[in-house]
């Protein structure tokens, strides 16, 4: 098949500035190419990245984009300009995967591929613009939200989870250090302040020997909450006696994986009721053998089963810090149960390997186009 993948206007590919969607589709493109498909990936031009190059069998074309703006209105305007630029460079294709707001609304040429819209967030009214397009999302709650907004699109909605690249899959399970980890944007909607306060409020006995690592960008330009929010977090951490570490942003995957491998408990206390769609960082942590503790958002229920391979706390409670303190304390005190959860989480992550998820996409592409999902390719190996 001829597959075109279009990334958004604000982050480059390879994902030098992070971005879960950019990371996922960069890896999927390589896997599609490994299976013998012709893959072209369009993304934002950035610094010294060549305008055209081939990486692992994927042909990359880079188009002038923009730094991420501060306001939604400006973001939509810049995305429109970017979509016009991309549209002029689209090659003939069977499938056109889009990760931009405007492109699937302005590109109707069937010769450029059947529009396959990756819906990475809760819909906000834009789906009416994507008439007849396939709508692919990553979790059942988002599927339900799509259908609630566009009931007539129910038969065009697909749920295919995010995949894990092999390098995230720790080859063997073993207990790690007494480290509690968070990775992601350091922003109020992610609930990082709840985590820092909860760790600081643990009893000295429970907290003894443990440390908390906060990994991620706080800069507004990178989606963080800014200097004032980081200062608030640092102030909350004072009572923990130097046991809270703010590492800042880490875009190098090798370093990020080291943090996952070194942690025992991974906490993702997001408050974004209509912002979280899957939680890729949670799954990445599980792949390393971390026991996940997440807020009670519906998106996590697709792969986390409380008391089995993870835990959840009620972030909507009158005292969410108190509920998080209780959940953390229970996991710290009952090491036997926590290690059982760690092992189960490690095993669960194996259901989301890149080859398995790529096969689901290719099977769907083939059903839609009538093309062979697995063409002969002696170098590809088994799906």
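Points worth noting:
- Residues in region 15-56 that are in contact with a helix residue (DSSP H, G or I) (Cβ under 6 Å, 6 or more places away or on another chain), part of a loop (DSSP other than H, G, I, E, B) and at pLDDT 95 or above: 56 only.
- Residue 32 being assigned by TED's automatic domain parsing to the domain that holds residue 123 and under 19 Å from residue 121 (Cα atoms): no
- Scanning region 260-301 for residues that are touching a helix residue (DSSP H, G or I) at 6+ places or on another chain (Cβ under 7 Å) and in a helix (DSSP H, G or I) returns 260, 280, 282, 283, 284, 285, 286, 287, 298, 299, 300.
- Residue in region 75-85 that is in contact with a strand residue (DSSP E or B) (Cβ under 7 Å, 6 or more places away or on another chain), over 30 Å from residue 370 (Cβ atoms) and without any contact (Cβ under 8 Å) to a residue 24 or more places away in the chain present: yes
- Just one residue in the set 148, 133 is more than 19 Å from the chain's Cα centre (by Cα), more than 20 Å from residue 288 (Cβ to Cβ) and without any contact (Cβ under 8 Å) to a residue 12 or more places away in the chain; that residue is 148.
- Of the numbered criteria (1) within 23 Å of the chain's Cα centre (by Cα); (2) surrounded by fewer than 20 Cβ atoms within 10 Å (Cβ to Cβ); (3) over 15 Å from residue 181 (Cβ atoms); (4) modelled with pLDDT under 95, the one residue 250 fails is (3).
- Checked against the criterion of being assigned to a helix (DSSP H, G or I) and under 24 Å from the mean Cα position of the chain (by Cα), the candidates 62, 85, 74, 121 yield just one match: 74.
- Some residue of region 48-59 being in contact with a strand residue (DSSP E or B) (Cβ under 7 Å, 6 or more places away or on another chain) and surrounded by 20 or more Cβ atoms within 10 Å (Cβ to Cβ): yes
- Subset of region 147-170 [within 22 Å of residue 363 (Cα to Cα) and surrounded by fewer than 22 Cβ atoms within 10 Å (Cβ to Cβ)]: 153, 154, 155, 156, 157, 158, 159, 160, 161, 165, 166
- Considering the conditions (1) more than 18 Å from residue 5 (Cα to Cα); (2) crowded, with 21+ Cβ neighbours inside 10 Å, residue 374 is excluded by exactly one of them, (2).
- The residues of region 302-324 that are touching a strand residue (DSSP E or B) at 6+ places or on another chain (Cβ under 9 Å), surrounded by fewer than 23 Cβ atoms within 10 Å (Cβ to Cβ), touching a residue at least 40 places away in the same chain (Cβ under 8 Å) and part of a helix (DSSP H, G or I), listed by number, are 302, 320.
- Residue 93 being outside the structural domain of residue 283 (by TED's automatic domain parsing), within 30 Å of residue 263 (Cα to Cα) and not in a helix (DSSP H, G or I): no
The values are calculated or read from the model by the stated rules, or taken from the named source; none is laboratory data. All figures in this text were calculated on a predicted structure; none of them were measured in a lab. All Cβ positions, glycine included, derive from the backbone under ideal geometry; neighbour counts span all protein chains shown.
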